[in-house]
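Notes to accompany the following structure.
The values are calculated or read from the model by the stated rules, or taken from the named source; none is laboratory data. None of these values were measured; they are calculated from a predicted model. FYI the Cβ positions are ideal-geometry reconstructions off the backbone, even for glycines, and counts take in every protein chain you see.
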Amino acid sequence: MKLGEIARKLNCKLEGDAQAEIHGVAGIESAKAGELTFVSNPRYRQAARTTRAAAVLVGPDLAVEREPGLPPLALLRSDDPYLDFARAIGFFYTPPRYAPSIHATAVIAASAKIGEGAHIGPYCYIDEGAALGRNAVLHSFVAIYRGARVGDDFFAHAHAVVREGCRIGDRVVLQNGVVVGGDGFGFAKQRDGRWYKMLQAGITVIGDDVEIQANSCVDRATVGETRIGTGAKLDDLVLVGHGGSVGENTLLCGQVGLAGTTKVGNNCILGGQVGCSGHLTVGDGAMITPQSGVPNNVPPGALYSGSPVVEHRQWLKNAAAISRVPELAKTVRQLEAEIAKLKAQAGA
């Protein structure tokens with residue numbers, strides 16, 4: 001594909017040879033001649049000086065000075081290089097397509113409804129009363145339990161599970177090993193010390209355009225619903241506990257854990273390994289940095305860090321103070337020694 005055509009499709013300003021042939025995309029440090037790369041993080045600005053790529057997507061004002069002796073580098077000026085690079089990947093890579101079919105090893109209940117154009121792969125199981133929308137793809141070993149409702153253009157990778165009665169919208173992707181609607185973690189302590197399992201009578205509801213990545217679980221509610229809003233994205237190994245909710249276009253990064261009935265608003269970002277205790281609310285637009293522990297409500301638009309979380313600027317001050325603890329401890333010991341010496345002199 002000509003570089004000029006890429007620039008037109010991405011609506012970017014081109015500085016360089018429009019006739020240059022581009023045959024692929026790559027990261028800036030591994031890119032080779034004929035490939036397109038990008039710079040969106042200032043830390044990689046220096047790498048643009050030495051990259052072997054033919055062209056690079058950059059911000060409107062980024063200056064790139066090449067190392068002497070290297071071939072010229074074409075620039076595509078973009079308001080959002082990362083987003084445009086994501087779009088450019090699609091110019092060179094077409095995901096596998098699955099023809100409408102039902103594999104001979106699939107088991108489909110007589111009362112299940114299968115939409116037009118669906119692909120049901122090897123050893124899939126669709127239970128009584130389940131409904132699958134148009135153009136759905138069940139790769140292999142996928143289980144759709146009794147009474148579940150799944151929308152159009154659904155894609156479930158191998159070993160994904162949609163449990164009984166759950167509802168899934170259109171254009172939802174479940175990566176390998178995802179479980180939607182597994183039992184919530186609900187047990188009541190009995191007088192004899194044993195745990196009594198609470199029946200998990202609710203369901204899980206997934207909105208449109210949601211992607212849930214590998215080995216993540218969205219538990220069903222004890223009563224009512226656990227809900228994932230339209231456009232939300234859940235990374236690998238995420239747990240959403242029973243009765244919780246995740247708002248529209250919210251990102252939950254790897255190993256985030258939401259205890260039961262946690263409510264996360266719209267357009268939030270929770271970094272990797274954030275843990276939220278139950279019965280709290282994270283307001284719309286809030287961001288919580290990785291490995292933070294959230295015991296209380298987080299206001300809308302906040303940036304919080306630490307465990308327990310505090311406002312990010314306060315956390316930076318706390319972290320700076322902690323780094324001085326050894327020095328302060330040494331000072332205290334010296335002062336204690338001086339005081340002891342003075343007391344000894346006074347006693348003499």
- For segment 128-143, pairs from a residue that is closer than 15 Å to His157 by Cα to a residue that is among the small types (Gly, Ala, Ser) and outside any loop (DSSP other than H, G, I, E, B), with Cβ under 9 Å and 6 or more apart or across chains, are Ala136/Ala156; Val137/Ala156; Leu138/Ala156; His139/Ala156; Val142/Ala156
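Kindly indicate the residue of segment 211-233 that is of a type in the set (A, V, I, L, M, F, W, C) and in a strand (DSSP E or B) and also surrounded by the most Cβ atoms within 10 Å (Cβ to Cβ) among those meeting that condition. Can you show your working first?
From segment 211-233, those of a type in the set (A, V, I, L, M, F, W, C) are 212, 214, 217-218, 221, 223, 228, 232; that's our starting set.
Narrowing the set further to residues that are in a strand (DSSP E or B) leaves 212, 217-218, 228.
Values: Ile212: 27, Cys217: 21, Val218: 30, Ile228: 28.
Result: Val218.
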- Residue count, segment 110-150, condition part of a loop (DSSP other than H, G, I, E, B), of a type in the set (A, V, I, L, M, F, W, C) and within 18 Å of Arg167 (Cβ to Cβ), comes to 6
- Message: Residue under question is Pro72, and the condition is that it be in contact (Cβ under 8 Å) with a residue 40 or more places away in the chain and part of a loop (DSSP other than H, G, I, E, B); does it hold?
- Response: yes
- Query: Would you pick out the residues in segment 285-308 that are more than 16 Å from Leu251 (Cβ to Cβ), among the hydroxyl-bearing types (Ser, Thr, Tyr) and in a loop (DSSP other than H, G, I, E, B)?
  - Reply: Ser307
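Does at least one position in segment 255-270 carry a residue that is touching a residue at least 12 places away in the same chain (Cβ under 8 Å), closer than 15 Å to Cys166 by Cα and not hydrophobic (A, V, I, L, M, F, W, C)? Outline the logic, then answer.
First, pick out the residues of segment 255-270 that are touching a residue at least 12 places away in the same chain (Cβ under 8 Å): 255-270.
This time we only want the ones that are closer than 15 Å to Cys166 by Cα, so: none.
The answer is no; no qualifying residue exists.
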- Scan of segment 256-308 for residues that are hydroxyl-bearing (Ser, Thr, Tyr) and on the phi > 0 side of the Ramachandran plot, ordered by number: Thr261
- Kindly indicate whether any position in segment 18-34 is surrounded by fewer than 13 Cβ atoms within 10 Å (Cβ to Cβ) and outside any loop (DSSP other than H, G, I, E, B). yes
- Search result, residues across segment 84-105 that are without any contact (Cβ under 8 Å) to a residue 24 or more places away in the chain, of a type in the set (Gly, Ala, Ser) and not in a strand (DSSP E or B): Ala86, Gly90, Ala99, Ala104
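Any residue that is touching a residue at least 60 places away in the same chain (Cβ under 8 Å) and surrounded by fewer than 19 Cβ atoms within 10 Å (Cβ to Cβ) - is there at least one of those in segment 197-208?
No, there is no match, as no residue in segment 197-208 is touching a residue at least 60 places away in the same chain (Cβ under 8 Å) and surrounded by fewer than 19 Cβ atoms within 10 Å (Cβ to Cβ).
For every residue, the table says whether it meets (1) surrounded by 16 or more Cβ atoms within 10 Å (Cβ to Cβ); (2) hydrophobic (A, V, I, L, M, F, W, C); (3) at pLDDT below 95.
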position	(1), (2), (3)
Val137	yes, yes, no
Arg149	yes, no, no
Asp153	yes, no, no
His159	yes, no, no
Val173	yes, yes, no
Val179	yes, yes, no
Gly193	no, no, no
- Query: Which of the residues spanning segment 193-210 are in contact with a Gly (Cβ under 8 Å, 6 or more places away or on another chain), closer than 18 Å to Thr222 by Cβ and either in a loop (DSSP other than H, G, I, E, B) or not aliphatic (A, V, I, L, M) (or both)?
  - Reply: Lys197, Met198, Gln200, Gly202, Thr204
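Would you confirm whether any residue within segment 57-76 is of a type in the set (Gly, Ala, Ser), modelled with pLDDT of 90 or more, within 31 Å of the chain's Cα centre (by Cα) and crowded, with 19+ Cβ neighbours inside 10 Å?
Residues of segment 57-76 that are of a type in the set (Gly, Ala, Ser), as a first pass: 59, 63, 69, 74.
Narrowing the set further to residues that are modelled with pLDDT of 90 or more leaves 59, 74.
Keeping just the survivors that are within 31 Å of the chain's Cα centre (by Cα) gives 59.
Applying the additional criterion that residues be crowded, with 19+ Cβ neighbours inside 10 Å yields none.
For segment 57-76, residues of a type in the set (Gly, Ala, Ser), modelled with pLDDT of 90 or more, within 31 Å of the chain's Cα centre (by Cα) and crowded, with 19+ Cβ neighbours inside 10 Å: absent.
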- Could you give every pair whose Cβ atoms fall below 9 Å, whose first residue belongs to segment 289-315 and is more than 22 Å from Asn266 (Cβ to Cβ), and whose second residue is surrounded by fewer than 14 Cβ atoms within 10 Å (Cβ to Cβ) and aliphatic (A, V, I, L, M), counting only separations of at least 6 or pairs across chains? Gly306/Ala319
- Take the residues in segment 7-17 that are surrounded by 14 or more Cβ atoms within 10 Å (Cβ to Cβ) and part of a loop (DSSP other than H, G, I, E, B), then tell me which one is nearest to the chain's Cα centre (by Cα). Cys12
- Message: What pairs come out if I take residues in segment 1-23 that are on the phi > 0 side of the Ramachandran plot and pair them with residues that are surrounded by 15 or more Cβ atoms within 10 Å (Cβ to Cβ) and assigned to a strand (DSSP E or B) whose C-beta lies under 9 Å away, six or more apart or interchain?
- Response: Gly16/Ala55; Gly16/Ala74; Gly16/Leu75; Gly16/Leu76
- Query: Of everything in segment 35-67 that's among the charged types (D, E, K, R) and assigned to a loop (DSSP other than H, G, I, E, B), which residue is farthest from Ala86 (Cα to Cα)?
  - Reply: Glu67
- So which of Gly306, Gly347 is small (Gly, Ala, Ser) and within 30 Å of Val210 (Cβ to Cβ)? Gly306
